Amino acid sequence: MTDLPKIFRLRQSFDDAHIEDVAGEVHAQLARLELAAKVRPGESVAITAGSRGIANIAAIIQASVEHLKRLGAKPFLVPAMGSHGGGTAEGQRRVVESYGITEQFVGCPIRSGMETVVVCRAAEGFPFHFDRLAFEADHVLVCNRVKPHSDFAGEIESGLMKMLMIGLGKREGAKVYHRAAQDFGFDRIVRGVADEVLGRCHILAGLAVVENAYDQTALVEAVEPERFVAREKELLELAKRWMPRLPFQHVDLLLIDRIGKDISGVGLDPNVVGRKFNDHQALEDEFPKVKRIAIRGLTPKGYGNAIGMGIAEFCRTQLLEQTDFAATRLNGLTSGRISCVMTPLDYETDREMLAVALGTVGLVEPPQAKLLWIADTLHLAEVECSAAYLDEARERTDLEILTDPRDLPLDAAGNLPHV
């Protein structure tokens with residue numbers, strides 16, 4: 001039987017600046033825009049709610065609803081998540097409600113539909129789809145987190161503009177934009193249709209959220225529609241500085257407890273594991289450099305969508321048993337990330353998976369291999385590391401060693417607990 005590395009636990013030190021009163025900040029930011037000058041009493045406002053696990057998202061949406069009600073408006077929520085939720089209205093409503101965003105909590109209706117209207121055509125010839133329910137509203141408030149995208153690279157990645165195009169584009173729009181992005185890049189698409197969309201779709205404002213590396217709300221900012229593109233560029237740079245990272249740049253095997261749509265658009269964040277442009281190897285100037293990835297299972301809030309498993313080389317058989325293959329394939333085909341839904345080599349137990357994976361990382365013997373064990377790519381404050389990292393960890397002022405090296409805690413069946 002293969003000898004496995006000993007592990008120790010460490011804590012990373014990230015910038016922990018965050019907002020204490022998130023709801024209060026939402027009210028203050030929206031008040032700064034003086035929306036009463038644009039919104040008449042009785043007018044409807046569609047508020048977007050996406051499929052990501054954004055910290056405090058239910059409180060953010062609730063505060064937005066309350067603020068609009070104070071203006072005399074009639075807000076309602078629109079699930080805005082492309083093809084997620086199985087590409088159905090019921091599935092998208094279920095995803096939103098799983099984050100605590102229920103009609104009772106936020107105080108307004110949720111109107112979920114998949115029908116779109118074609119607002120315009122881009123210069124490149126493709127149609128621009130927009131959720132019909134949102135389009136028919138008097139106003140639209142776009143709410144989303146700004147962060148590096150799992151696919152696109154550029155000055156604008158994941159944020160307000162992505163929510164406008166892919167989120168509110170529903171299944172049909174998301175499919176078109178992902179295809180167009182492969183030919184022209186997301187930046188060019190955004191620049192080509194931004195003015196048309198912002199002018200024709202009754203966009204009232206944006207509510208941009210940026211999180212710190214501890215999955216906390218670090219910034220909430222209300223943005224005027226005409227400033228979406230310019231401000232999102234600046235917020236993306238901030239999000240990149242604040243995002244969580246692995247503690248080391250070279251990894252033989254990355255063991256991940258769970259992936260899911262509530263963690264990243266492709267289940268695990270390629271920006272964190274160093275595989276944004278190539279599913280199985282970092283580019284020359286891309287870090288970290290991870291030789292092998294092994295995944296143990298899915299998050300409950302991912303509802304069986306296992307997109308991202310194709311980025312890994314190995315997985316537990318239980319991950320495949322948890323997978324809704326119809327929803328997963330639909331997401332992969334819509335997004336164009338087909339390789340991300342391909343199945344890794346699967347094994348019944350952690351012991352078997354680790355032994356096989358560690359035998360593929362080169363000449364290093366398994367006990368000396370550089371192994372990192374994480375919960376997911378969103379929560380990286382504390383990480384389990386193999387003893388091969390111990391000397392470097394002792395020299396780093398940003399790392400705190402929490403335990404002595406010890407055996408991997410495999411049970412009698414050969415499986416690990418969650419990290």
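The values are calculated or read from the model by the stated rules, or taken from the named source; none is laboratory data. Predicted, not measured: the structure shown is a model, and the values here were computed from it. With ideal geometry, Cβ positions are generated from the backbone for all residues, glycine too; neighbour counts draw on all protein chains shown.
Points worth noting:
- Residue satisfying all of: in the stretch 47-64; crowded, with 22+ Cβ neighbours inside 10 Å and aliphatic (A, V, I, L, M); farthest from Gly91 (Cα to Cα) among these: Ala63
- Listed by first and then second residue, the pairs with beta-carbon distance under 6 Å, at least 6 apart or on different chains, first residue in the stretch 1-27 and surrounded by 12 or more Cβ atoms within 10 Å (Cβ to Cβ), second of a type in the set (S, T, N, Q) and part of a loop (DSSP other than H, G, I, E, B), are Phe8/Thr403; Arg9/Thr403; His18/Asn212; His18/Gln216; Val22/Asn56.
- Residue count for the stretch 393-419, restricted to those that are outside any loop (DSSP other than H, G, I, E, B), within 31 Å of the chain's Cα centre (by Cα) and either at pLDDT below 95 or exposed (fewer than 15 other Cβ atoms within 10 Å of the Cβ) (or both): 1.
- Selection of the stretch 216-228 for residues being among the polar types (S, T, N, Q) and outside any loop (DSSP other than H, G, I, E, B) yields only Thr217.
- Of the criteria (1) in a loop (DSSP other than H, G, I, E, B); (2) modelled with pLDDT under 95, which one Thr334 fails: (1)
- Taken as a whole, the structure places Tyr177 among residues that are crowded, with 24+ Cβ neighbours inside 10 Å and aromatic (Phe, Trp, Tyr).
- Any hit, the stretch 334-351, residues being crowded, with 21+ Cβ neighbours inside 10 Å and of a type in the set (D, E, K, R): yes
- Boolean, Ala213 is assigned to a loop (DSSP other than H, G, I, E, B), of a type outside the set (S, T, N, Q), under 22 Å from Asp21 (Cα atoms) and touching a strand residue (DSSP E or B) at 6+ places or on another chain (Cβ under 9 Å): yes
- If you go through the stretch 283-296 and keep only what is of a type outside the set (D, E, K, R), surrounded by fewer than 20 Cβ atoms within 10 Å (Cβ to Cβ) and either modelled with pLDDT under 95 or within 14 Å of Arg316 (Cα to Cα) (or both), you end up with Leu283, Phe287.
- Test: residue in the stretch 309-317 that is surrounded by fewer than 16 Cβ atoms within 10 Å (Cβ to Cβ) and either in the same structural domain as Thr343 (by TED's automatic domain parsing) or closer than 25 Å to Arg93 by Cα (or both): yes
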